[in-house]
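Visitor: Below is the structure I would like to discuss, written out as structure tokens.
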Amino acid sequence: MSGEKVHDLVIIGGGPAGLTAAIYASRGRLDTVVLERGVIGGQAAATEIIENYPGFPEPIEGPELMERFEAQAKRFGAKIEYGFVTEVDFSGDPKIVKTDTTEYRARTVIIATGAQPQKLGVPGEEELAGRGVSYCATCDGAFFKDAELAVVGGGDSAVEEGIFLTKFAKKVYIIHRRDKLRATAIIQERAFANDKIDFVWDSVVESINGKDAVESVTLKNVKTGEKKDLPVQGVFIYVGLVPQSQLFKGKVEIDERGYIVTDEFMRTSVPGVFAVGDVRRALGRQVATAVGDGCVAALMVEKYLSEQEVV
Ligand code: NAP
């Protein structure tokens, strides 16, 4: 229990959106707690380099950028605490956020829980997770020196991480279900110019095979129906993201794809509860858009609290 103390703001999630909200709120002298269940910085901290965050004309490493966000939030007095949120109750005032060890009471809450990798849902994926199947090249790439690897997907993540993996692997096959990539043009150009990358177009993974570790993937060409086994020692899956909103089902409005619905001011369907970043229904999934969300939400929290005082 955090006792009878009622915080001005509890932020659930310490990625770029949550930390930005923490910077603005604590600078506004709100008593602010950020709850993080794992590594501070979210997906950005698992990204090797970030080269499209304004102000850094030279690429900056994701973990370093996120350490800077964290240091800036702490400098203004935000408290960062670790815990797995198990339950929320937004029905009363204060709002309650329970972790496995502590119950927090807060006048406002910002949901900044982000998203996690979408699973492919094929045989072998679960069985061989951690034994060649990975969703994080930055975390696991170095285990695959001189290996042959498959990367599944055609978006920014698949292509960027595929390029990153060529630092270790001798060959990277990017397996995409269409014959055109979704990734940003500059990332595509780099991948096409990389000798270690081969593209397998119009193909889906039917199964991931291996006894104790990944040995191959079975691919199916969606145009011809032809199947083949591709020998690889690792499979990195980047087929999109799933918003981390399960905890909030029935508590705030969530759309059919699991994204929390907000207005342009980051307000959810519950007064005093805001949502920011990748868990929110929005267009961009960038550090820059997360930062914008976090800033707006913190300003709205200040406004909401000052209006409550007037009443
Ligand atoms: P994404 O943009 O949603 O791309 C997912 C890719 O996986 C698409 O190419 C999609 O194919 C493919 N796919 C989806 N389901 C599949 C399935 N069941 N089997 C095979 N392929 C499947 O996801 P993301 O690359 O993870 O990126 C998520 C967001 O983060 C995006 O908004 C992205 O722009 C952003 N991001 C930005 C950067 C950056 O700015 N540097 C880096 C990483 C991520 P189709 O193309 O056919 O739909």
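The values are calculated or read from the model by the stated rules, or taken from the named source; none is laboratory data. Just so we're clear, the structure is a prediction, and the values are computed from it rather than from any experiment. Methodologically, a virtual Cβ is constructed for each residue, glycine included, from the backbone with ideal geometry; neighbour enumeration extends over all protein chains shown. Please note that ligands, DNA and RNA were not included when accessible areas were found on the heavy atoms of the full protein model with its side chains. Shrake-Rupley method; radii C 1.70, N 1.55, O 1.52, S 1.80 Å.
Visitor: Here is a check on your reading of the model: is Ile187 outside the structural domain of Pro63 (by TED's automatic domain parsing), under 16 Å from Gly234 (Cα atoms) and either modelled with pLDDT of 95 or more or buried (at least 19 other Cβ atoms within 10 Å of the Cβ) (or both)? Working first, answer last.
Guide: Values: outside the structural domain of Pro63 (by TED's automatic domain parsing): yes; under 16 Å from Gly234 (Cα atoms): no; either modelled with pLDDT of 95 or more or buried (at least 19 other Cβ atoms within 10 Å of the Cβ) (or both): yes.
No.
Visitor: Could I ask something else about it? Given the condition in the same structural domain as Gly130 (by TED's automatic domain parsing) and closer than 26 Å to Ile50 by Cβ, answer yes or no: does some residue in segment 201-220 qualify?
Guide: To start, the set of residues in segment 201-220 that are in the same structural domain as Gly130 (by TED's automatic domain parsing) comprises 201-220.
Filter once more, so that each one left must be closer than 26 Å to Ile50 by Cβ: none.
So far as segment 201-220 goes, no, none of its residues is in the same structural domain as Gly130 (by TED's automatic domain parsing) and closer than 26 Å to Ile50 by Cβ.
Visitor: For segment 258-311, name all the residues that are open to solvent by 60 Å² or more (accessible area, probe 1.4 Å), touching a residue at least 60 places away in the same chain (Cβ under 8 Å) and part of a loop (DSSP other than H, G, I, E, B).
Guide: Result: Arg285, Gln286.
Visitor: Let me confirm something: among Ala275, Ala290, Ala297, Ala282, which residue is within 15 Å of the chain's Cα centre (by Cα) and either more than 16 Å from the ligand (Cβ to nearest atom) or over 26 Å from Tyr53 (Cα atoms) (or both)? Step through it out loud before you land on a result.
Guide: On the way: Ala290 fails: either more than 16 Å from the ligand (Cβ to nearest atom) or over 26 Å from Tyr53 (Cα atoms) (or both); Ala297 fails: within 15 Å of the chain's Cα centre (by Cα); Ala282 fails: either more than 16 Å from the ligand (Cβ to nearest atom) or over 26 Å from Tyr53 (Cα atoms) (or both).
Selected residue: Ala275, the only one of Ala275, Ala290, Ala297, Ala282 that is within 15 Å of the chain's Cα centre (by Cα) and either more than 16 Å from the ligand (Cβ to nearest atom) or over 26 Å from Tyr53 (Cα atoms) (or both).
Visitor: I've got another one for you. Look through Gln116, Gln43 and report the one residue that is open to solvent by 70 Å² or more (accessible area, probe 1.4 Å), touching a strand residue (DSSP E or B) at 6+ places or on another chain (Cβ under 8 Å) and not in a helix (DSSP H, G or I).
Guide: Working: Gln43 fails: not in a helix (DSSP H, G or I).
Of the residues listed, the single one that is open to solvent by 70 Å² or more (accessible area, probe 1.4 Å), touching a strand residue (DSSP E or B) at 6+ places or on another chain (Cβ under 8 Å) and not in a helix (DSSP H, G or I) is Gln116.
Visitor: Could you grab me the full set of residues in segment 165-176 that are within 12 Å of the ligand (Cβ to nearest atom) and either out of contact with any helix residue (DSSP H, G or I) (no Cβ under 8 Å at 6 or more places or on another chain) or open to solvent by 20 Å² or more (accessible area, probe 1.4 Å) (or both)? Let's see the steps before the verdict.
Guide: To start, the set of residues in segment 165-176 that are within 12 Å of the ligand (Cβ to nearest atom) comprises 174-176.
Within segment 165-176, Ile175 is the sole residue that qualifies.
Visitor: Any chance you could count how many residues in segment 79-109 are of a type in the set (A, V, I, L, M, F, W, C), in a strand (DSSP E or B) and surrounded by 18 or more Cβ atoms within 10 Å (Cβ to Cβ)?
Guide: 6
Visitor: Of (1) open to solvent by less than 20 Å² (accessible area, probe 1.4 Å); (2) within 30 Å of Glu160 (Cα to Cα); (3) not in a strand (DSSP E or B), Ser26 satisfies all except one. Which?
Guide: Of the numbered conditions (1) open to solvent by less than 20 Å² (accessible area, probe 1.4 Å); (2) within 30 Å of Glu160 (Cα to Cα); (3) not in a strand (DSSP E or B), the odd one out for Ser26 is (2).
Visitor: Still on this structure, I have one more. Just one of Asp179, Asp212 is within 11 Å of the ligand (Cβ to nearest atom), assigned to a loop (DSSP other than H, G, I, E, B), surrounded by fewer than 16 Cβ atoms within 10 Å (Cβ to Cβ) and not hydroxyl-bearing (Ser, Thr, Tyr); which is it?
Guide: Values: Asp212 fails: within 11 Å of the ligand (Cβ to nearest atom).
None of the others qualify; the one that does is Asp179.
Visitor: Considering only residues that are part of a loop (DSSP other than H, G, I, E, B) and open to solvent by 80 Å² or more (accessible area, probe 1.4 Å), which ones fall in segment 234-250?
Guide: Initially, segment 234-250 is screened for residues part of a loop (DSSP other than H, G, I, E, B), giving 238-240, 244-245, 250.
Once the filter is applied, which keeps residues that are part of a loop (DSSP other than H, G, I, E, B) and open to solvent by 80 Å² or more (accessible area, probe 1.4 Å), segment 234-250 yields only Gly250.
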